[in-house]
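What follows is a single structure, and I will ask about it in a moment.
The values are calculated or read from the model by the stated rules, or taken from the named source; none is laboratory data. Predicted model, so just to flag it, every value in this text is computed and none were measured. Cβ atoms come from the backbone with ideal geometry, glycine included; neighbour counts cover every protein chain shown. Just the protein is used for accessible areas: all its heavy atoms, side chains included, with ligands, DNA and RNA removed. Shrake-Rupley method; radii C 1.70, N 1.55, O 1.52, S 1.80 Å.
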Amino acid sequence: HHIISDGWSLDILYRELFQCYEAYSKGNEPLLSTLSIQFKDYAVWQSNQFRNETYLDHRDFWKEKLSGELPVSNLSELKKRPLLKTNNGKRLYTYLNHEDIESLNRFSDIHSGTTFMGLLSVWNILVYRYTGQSDSIVGTPVAGREYPQLENQIGCYVNTLALRNVIDSHWNFSQLFDRVRENTLASYDHQAYPFDHLVEELDIQRDV
């Protein structure tokens with residue numbers, strides 16, 4: 001459960017479990033590296049950071065980025081939404097062929113970006129085409145392990161970034177990609193501010 005773990009932590013757990021199994025099966029003691037800190041140490045440190053000037057700078061960045069009226073995706077519906085949220089739904093899968101992926105990789109590389117930024121740009125166009133809304137927010141997880149001491153820790157370090165992008169209908173794809181790249185890199189620079197604290201500070205009106 002994310003109260004105590006994230007995906008990165010599970011990889012650590014599996015790796016160390018198999019290390020121990022292999023060592024014990026040969027009658028040896030497992031050689032696991034000693035951790036310099038524990039998750040509780042990080043939690044205390046993080047709590048103390050909320051009064052730090054750098055953290056206040058992170059908070060101000062996100063409050064400005066998510067200021068004003070926030071967009072709510074208005075996808076066209078075949079059925080009327082129920083008054084109470086049920087979480088009933090479907091998953092839709094699609095596959096991109098190798099040639100398209102290679103083309104996107106090359107484009108992203110030429111424009112000093114990443115494949116993720118390319119896919120995010122495409123996604124923003126898709127949402128714009130379906131909804132007519134030029135302003136959209138996409139949530140994406142980040143590992144939250146900015147320091148080497150955290151790489152082998154088990155705990156929930158993952159954080160969510162709310163990537164907000166606005167499309168100008170006069171832009172070509174290169175112009176949109178450049179804007180998405182700039183916004184994404186700026187968001188990564190301020191990834192340390194916890195998403196749950198940000199939601200509380202924004203005091204957003206929830207729409208179930």
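Among the residues of the stretch 116-125, write down those that are more than 12 Å from I167 (Cβ to Cβ), open to solvent by 50 Å² or more (accessible area, probe 1.4 Å) and not aliphatic (A, V, I, L, M).
If the condition is that a residue be more than 12 Å from I167 (Cβ to Cβ), open to solvent by 50 Å² or more (accessible area, probe 1.4 Å) and not aliphatic (A, V, I, L, M), then F116 is the only one that fits.
OK, next. Would it be correct to say that S47 is exposed (fewer than 11 other Cβ atoms within 10 Å of the Cβ), under 30 Å from D203 (Cβ atoms) and touching a Ser or Thr at 6+ places or on another chain (Cβ under 9 Å)? Give the steps one after another, and end with the answer.
Details: exposed (fewer than 11 other Cβ atoms within 10 Å of the Cβ): yes; under 30 Å from D203 (Cβ atoms): yes; touching a Ser or Thr at 6+ places or on another chain (Cβ under 9 Å): no.
Against the criterion (exposed (fewer than 11 other Cβ atoms within 10 Å of the Cβ), under 30 Å from D203 (Cβ atoms) and touching a Ser or Thr at 6+ places or on another chain (Cβ under 9 Å)), S47 does not qualify.
Could you list, ordered by first residue, the pairs with Cβ atoms under 7 Å in which the first is in the stretch 70-95 and open to solvent by less than 100 Å² (accessible area, probe 1.4 Å) and the second is aliphatic (A, V, I, L, M) and in a loop (DSSP other than H, G, I, E, B), at least 6 apart or interchain?
Pairs that qualify, where the first residue is open to solvent by less than 100 Å² (accessible area, probe 1.4 Å) and the partner is aliphatic (A, V, I, L, M) and in a loop (DSSP other than H, G, I, E, B), are L70/I204.
Against the conditions (1) closer than 30 Å to V44 by Cα; (2) not in a helix (DSSP H, G or I), where does Q149 fall short? Just the number, please.
(2)
Scan (1) in contact (Cβ under 8 Å) with a residue 24 or more places away in the chain; (2) of a type in the set (S, T, Y); (3) not in a helix (DSSP H, G or I) for the single condition S108 breaks and write down its number.
Failing condition for S108: (3).
For V199, indicate whether it is under 27 Å from D60 (Cβ atoms) and open to solvent by 50 Å² or more (accessible area, probe 1.4 Å). So that I can check it myself, show each step before the final result.
On the way: under 27 Å from D60 (Cβ atoms): yes; open to solvent by 50 Å² or more (accessible area, probe 1.4 Å): yes.
Judged against the criteria, V199 is a match.
Would you check if there is a residue in the stretch 147-161 being in contact with a Pro (Cβ under 9 Å, 6 or more places away or on another chain), surrounded by 15 or more Cβ atoms within 10 Å (Cβ to Cβ) and of a type in the set (A, V, I, L, M)? Give the steps one after another, and end with the answer.
So in the stretch 147-161, the residues in contact with a Pro (Cβ under 9 Å, 6 or more places away or on another chain) come out as 158-161.
Applying the additional criterion that residues be surrounded by 15 or more Cβ atoms within 10 Å (Cβ to Cβ) yields 158-161.
Going one step further and asking which of them are of a type in the set (A, V, I, L, M), we end up with 158, 161.
Looking for residues that are in contact with a Pro (Cβ under 9 Å, 6 or more places away or on another chain), surrounded by 15 or more Cβ atoms within 10 Å (Cβ to Cβ) and of a type in the set (A, V, I, L, M), one finds at least one in the stretch 147-161, hence yes.
Sticking with this one: Does T86 fit the bill of being over 22 Å from Q191 (Cβ atoms), assigned to a loop (DSSP other than H, G, I, E, B), at pLDDT 85 or above and out of contact with any strand residue (DSSP E or B) (no Cβ under 7 Å at 6 or more places or on another chain)? Spell out the reasoning first.
Details: over 22 Å from Q191 (Cβ atoms): yes; assigned to a loop (DSSP other than H, G, I, E, B): yes; at pLDDT 85 or above: no; out of contact with any strand residue (DSSP E or B) (no Cβ under 7 Å at 6 or more places or on another chain): yes.
Against the criterion (over 22 Å from Q191 (Cβ atoms), assigned to a loop (DSSP other than H, G, I, E, B), at pLDDT 85 or above and out of contact with any strand residue (DSSP E or B) (no Cβ under 7 Å at 6 or more places or on another chain)), T86 does not qualify.
State the number of residues belonging to the stretch 1-40 that are within 19 Å of P148 (Cβ to Cβ) and either part of a loop (DSSP other than H, G, I, E, B) or of a type in the set (S, T, N, Q) (or both).
The total comes to 9.
Next question, about the same structure. Within 15 Å of the chain's Cα centre (by Cα) and surrounded by 10 or more Cβ atoms within 10 Å (Cβ to Cβ): is that true of P141 in this structure? Don't jump to the end; show me each part of the working.
On the way: within 15 Å of the chain's Cα centre (by Cα): yes; surrounded by 10 or more Cβ atoms within 10 Å (Cβ to Cβ): yes.
Considered against the rule, which asks whether it is within 15 Å of the chain's Cα centre (by Cα) and surrounded by 10 or more Cβ atoms within 10 Å (Cβ to Cβ), P141 comes out as yes.
Here's something else I'd like to know. Run R91 past the list (1) of a type outside the set (S, T, Y); (2) over 21 Å from the mean Cα position of the chain (by Cα); (3) assigned to a loop (DSSP other than H, G, I, E, B) and report the number of the one that doesn't hold.
(2)
OK, next. Give Y128, Y193 a once-over and let me know the one that is in a loop (DSSP other than H, G, I, E, B), buried (at least 17 other Cβ atoms within 10 Å of the Cβ) and modelled with pLDDT under 95. Let's see the steps before the verdict.
Working: Y128 fails: in a loop (DSSP other than H, G, I, E, B).
Being in a loop (DSSP other than H, G, I, E, B), buried (at least 17 other Cβ atoms within 10 Å of the Cβ) and modelled with pLDDT under 95 holds for just one of Y128, Y193, which is Y193.
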